[in-house]
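First up is the structure itself, then whatever we jot down about it.
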Amino acid sequence: MSGRVSLASRGSERLAGRRRTRYHRAVLASIFLVFAFFAAVVYGLQQSAVRISHIEIFGADASLATYAADAMRGSYLGIVPRDSTFFFPEGSIRASILAADRSIAAVSIFRSGLTGLSIKVDSRTGIARWCFSTGSGEASTSVTQAGCYVFDANGFIFSAATSTTQTINAFTLYAPLVGDTSGPLGASIADAEQLPATFDFARQLATLGSPVSSIVIHDGEVDDYLASGTRITYVLGNEQNAFTALVSAHGNFNLADGSVTYVDLRFNGKVYVKKK
């Protein structure tokens, strides 16, 4: 009886041993297959057929392609090339181009086949000029055209103004800045969300006889200086009420001939006028 038990026990042990051997072989084979697959993928990613070799720029200078090429140099962990069409660093490319030129508002990146990259650049639109404020609505004698800058619809100052700079509005803005105030470039105009209404008011003033040449924003108030020499003052954000009051009283004075020194619209329902 004991002999039969011993033979059965040894048979079970041999069967278990064979199963362990097959399991270990299966594990080793799986590891080998995973390694082989990984090696094949890495080898495939190194091939020129799936690496970006040409870059096209649309909407800007072609030299911006250099920033994209620089961002794709090298590899991830020394294994996967950064110029792989499957793993190129889109975020780094976009950040490099935006940092290179503040006049660029947005960058769109698309694959062009397996070896090309198309980059579309959208430039900022200049809304008007911003100049250093003197509190008088006029540029300081020490500030020339080179001391003025251009800002976009968000109040972001992105470039210096030149004699040939074209903006949507002809008037000049004097207003405080927020953000990086170490210099105007890269900073934003304070209360930028109020600017659309402020500029609409300025354009409406032109319908009353004289266009606005400059706008000064200070201490929550706005001074619009007309080309005729008249100053219109009102509370920032109260454009609608100010214009309604101005229109209602407009028949009592002339804004086009320079006969009025200023019109004060800061008090609701009241219009104070000083004539020369």
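The values are calculated or read from the model by the stated rules, or taken from the named source; none is laboratory data. Fair warning: this is a prediction, and the values are worked out from it, not measured in the lab. Here the Cβ positions follow ideal geometry from the backbone for every residue, glycine too, while neighbour counts run over all protein chains shown. Ligands, DNA and RNA are stripped out before the accessible areas are found, and what is left, the full protein with its side chains, is counted by its heavy atoms. Shrake-Rupley method; radii C 1.70, N 1.55, O 1.52, S 1.80 Å.
Some points to look at:
- Near pairs, Cβ below 9 angstrom, 6+ apart or cross-chain, from region 89-103 (touching a residue at least 60 places away in the same chain (Cβ under 8 Å)) to any residue that is open to solvent by 50 Å² or more (accessible area, probe 1.4 Å) and part of a loop (DSSP other than H, G, I, E, B): R102/R124; R102/L185
- Qualifying residue in region 185-207 (condition: over 31 Å from the mean Cα position of the chain (by Cα) and farther than 30 Å from F158 by Cα): yes
- Odd one out for Y43 among (1) hydroxyl-bearing (S, T, Y); (2) open to solvent by 70 Å² or more (accessible area, probe 1.4 Å); (3) over 26 Å from the mean Cα position of the chain (by Cα); (4) modelled with pLDDT of 90 or more: (4)
- All conditions in (1) among the hydroxyl-bearing types (S, T, Y); (2) in a loop (DSSP other than H, G, I, E, B); (3) touching a residue at least 24 places away in the same chain (Cβ under 8 Å); (4) over 20 Å from V271 (Cβ atoms) hold for S210, with the sole exception of (4).
- Leading residue by the ranking (nearest to the chain's Cα centre (by Cα)) among those in region 104-117 that are open to solvent by less than 30 Å² (accessible area, probe 1.4 Å) and either over 20 Å from A49 (Cβ atoms) or β-branched (V, I, T) (or both): I104
- Residues that are in a helix (DSSP H, G or I), of a type in the set (F, W, Y) and more than 20 Å from S92 (Cβ to Cβ) are absent from region 60-77.
- Filtered by the rule that a residue be more than 25 Å from A49 (Cβ to Cβ), surrounded by fewer than 16 Cβ atoms within 10 Å (Cβ to Cβ) and of a type outside the set (S, T, N, Q), region 59-72 gives G59, D61.
- From the list S75, S84, the one residue that fits, being free of Cβ contacts under 8 Å to residues at least 60 places away in the same chain, closer than 12 Å to Q46 by Cα and crowded, with 19+ Cβ neighbours inside 10 Å, is S84.
- Failed item in (1) exposed (fewer than 15 other Cβ atoms within 10 Å of the Cβ); (2) farther than 25 Å from Q194 by Cβ; (3) within 38 Å of the chain's Cα centre (by Cα), with N252 passing the rest: (3)
- Among the criteria (1) open to solvent by 20 Å² or more (accessible area, probe 1.4 Å); (2) outside any loop (DSSP other than H, G, I, E, B); (3) among the hydroxyl-bearing types (S, T, Y), the one S228 does not fulfil is (2).
- A search for C-beta distances below 8 Å between a residue of region 227-238 that is under 21 Å from E193 (Cβ atoms) and among the aromatic types (F, W, Y) and any residue that is at pLDDT 95 or above and part of a loop (DSSP other than H, G, I, E, B), counting only pairs 6+ apart in sequence or on different chains, returns Y234/L265; Y234/R266.
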